[in-house]
Number of protein chains: 2
Amino acid sequence: MRQFVVIGHDVPTDPDAISLSDIPGAGRLDLLCRCVAAGVFLSHGIRERVRVHLVVADEFTVTFDADSLRHLHPDERNVAARIRDALDAQDDAIGHMPADVSPGVELRRMGLEATLDRVLDTPGTSSASADPTLVQLHEDGDPLVDAAPPTDPVFVLSDHNDFAPAERDLLADRAERRVRVGPELLHADHTVSVVHNWLDTDGYESY
Amino acid sequence: MRQFVVIGHDVPTDPDAISLSDIPGAGRLDLLCRCVAAGVFLSHGIRERVRVHLVVADEFTVTFDADSLRHLHPDERNVAARIRDALDAQDDAIGHMPADVSPGVELRRMGLEATLDRVLDTPGTSSASADPTLVQLHEDGDPLVDAAPPTDPVFVLSDHNDFAPAERDLLADRAERRVRVGPELLHADHTVSVVHNWLDTDGYESY
């Protein structure tokens, strides 16, 4: 199971503050939408055993589970509408019980730390063998080409903002691995594509 | 100079047929927009020496030149509006003389073959040393990890459609290299990110 946690610092938690005609205006929601598309879609198909968790303003987490997603399209407007639906359902999320938004989409009343607790402590897949490994993307990390891909990686990415100090500390504390994707600083969605390719090819070994 | 030629088979050439509220409805224009963003943008910056050429219905080619682009944002709506502006200027494109749409954006009255002639035969950069190499992305190609990156690669990608037979023949005839990005069939924009990473890292050698 591959999991991507993407932090949307500035995305409004009020669904009415999200206009599908100005998706970037909702705290650069366009970037989060492209992260979902890069995370779950293949050409004419959808990946298996992938989850994308969008942490919204450290208050809610919207999870897209590729294994049960239905009727999602890769364009920003379609994904943004689904995220808005999820925020619309926030009253149904009681405690840490999720609100069911649509097949494969859930919303939980959780910030980053609670989401990492959940994702890292609960086996990500039905099989108990899952051993989620938090992999921090960091400029001082091991080059991808020198790093062996973990079986159940969890990557944490930030929107257009740098990680906040508290987030950096949390990641430094909980990350078991640090990797670097390349010499350039990429958009989060482009990083997701590069990381998927590293995993698809078993660390650039099988094509 | 890196160049990406993306074929939009179904994109309408009539700008009035493009609605910014239904970008996928314009022949999956959303995919072409994400290819532009993946091609030219870095985190908080824009790449140098990159051009993305969108071949629209084999009749027009809209070129985005990262070195002179201004005021472009990575969200689909912003890029789609710029492509629509370019199609709006088609009457100013006389013969093979481009219509200047906005800084870094031109439209030419050219299909795929004429665009490849132009891109491959005219040195892509001011320096005459440029030697554009057409690299075909193909499932029988050399794995990226085993291939040495050319200095001035030109990649050709298709939208959600397969290459048409005539396009396949043209590519087979003119491609000097064939590479494979991985075992999965990716969206064109995700492929652009993977290829950029291969080039950024000098074939996964420098990070």
Self-check item: Other-copy label distances relative to residue B:147, 7 angstrom Cα-Cβ extension, nm
Solution: 2.5
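With each run of n ≥ 4 DSSP H residues scored as -39500 (n - 2.57), what mean residue ellipticity at 222 nm is computed for chain B after dividing by its residue count and rounding to the nearest 500 deg cm²/dmol? Provide the component values of the computation, followed by the final result.
Numbers: 5 runs with 58 residues, N = 207.
Taking each H run of at least 4 residues, the total per residue is -8500 deg cm²/dmol.
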Quiz item: Over all Cα pairs of the protein assembly as shown, how is the pair count split among 10 Å bins, expressed in % and running from 0 up to the last occupied bin?
Solution: 5, 23, 33, 25, 12, 3, 0
Self-check item: chain A: angle of helix A:165-174 to the longest principal axis, Cα-based, in degrees nearest 10
Solution: 50
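Where nothing but the Cβ of Lys and Arg (+1) and of Asp and Glu (-1) is charged, how large is the charge dipole of the range A:46-173 around its Cα centre, in debye to the nearest 20? All intermediate terms of the calculation are to be shown ahead of the outcome.
On the way: 11 positive and 27 negative charges, 114 e Å.
For this selection, approximately 540 debye.
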Quiz item: With respect to the symmetry axis carrying chain A onto chain B, which residue of chain A exhibits the smallest Cβ distance to that axis, and what is the value in whole Å?
Solution: A:193, 2
Self-check item: Listed residue (B:11, B:154, B:45) projecting farthest to the positive dipole end of chain B, Cβ model
Solution: B:45
Self-check item: Max mean-square fluctuation residue, GNM over chain A, Cα-Cα springs under 10 Å, options A:94, A:83, A:46
Solution: A:94
Quiz prompt | Simple spin-label estimate for residue A:49 and residue B:68 in nanometres, 7 Å along Cα-Cβ | solution = 5.0
Exercise. Calculate the spin-label point distance for residue B:164 paired with residue B:146, positioning each point 7 Å from the Cα along the beta-carbon direction, and give it in nanometres.
Key: 3.4
Quiz item: Which value, to two decimals, describes the C-alpha radius of gyration of the range B:80-207 once divided by 2.2 N^0.38 Å?
Solution: 1.16
Self-check item: Copy-to-copy label separations for residue B:173, where each label sits 7 Å from Cα toward Cβ, in nm and ascending
Solution: 6.4
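Could you give the length gained by full extension between residue B:17 and residue B:57, i.e. 0.36 nm per residue of separation minus their alpha carbon distance, to one decimal place?
On the way: separation 40, 0.36 × 40 = 14.40 nm, distance 1.34 nm.
Separation in residues times 0.36 nm, less the Cα-Cα distance, equals 13.1 nm.
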Quiz item: Say a label goes 7 Å from Cα toward Cβ at residue A:57 in every copy; what distances in nm does this one have to the rest, shortest first?
Solution: 4.3
Exercise. Using a 10 Å cut-off on Cβ to Cβ distances, tally the other chain neighbours for every residue of B:177-190 and report the average as a whole number.
Key: 5
Quiz item: Could you work out Rg/(2.2 N^0.38 Å) for the range B:1-126, with Rg from alpha carbons only?
Solution: 0.96
Quiz item: Which of these, B:44, B:71, B:160, has the largest mean-square fluctuation under a Gaussian network model of chain B (Cα springs below 10 Å)?
Solution: B:44
Quiz item: Which value, in debye to the nearest 20, gives the size of the charge dipole of the protein assembly as shown about its Cα centre, when Lys and Arg are +1 and Asp and Glu are -1 at the Cβ?
Solution: 80
Practice problem: Determine the dipole magnitude for the range B:114-207: charges of +1 sit on the beta-carbon of Lys and Arg, -1 on that of Asp and Glu, nothing else is charged, the reference point is the Cα centre, and the result goes in debye to the nearest 20. | Solution: 120
Exercise. Evaluate the range A:13-70: find the radius of gyration of its Cα atoms, find its Kirkwood radius, and give the ratio Rg to Rh.
Key: 1.00
Practice problem: May I ask you to list the trypsin sites (Lys or Arg not before Pro) in the range B:1-95 that are in a DSSP loop and have at most 11 other Cβ atoms within 10 Å of their Cβ? | Solution: B:70
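All of the numbers you see were taken from the coordinates with simple rules; none came from a lab. These numbers were taken from a predicted model, which means no experiment stands behind them. Glycine gets a Cβ as well: all are built from the backbone with ideal geometry, and neighbour counts include every protein chain shown.
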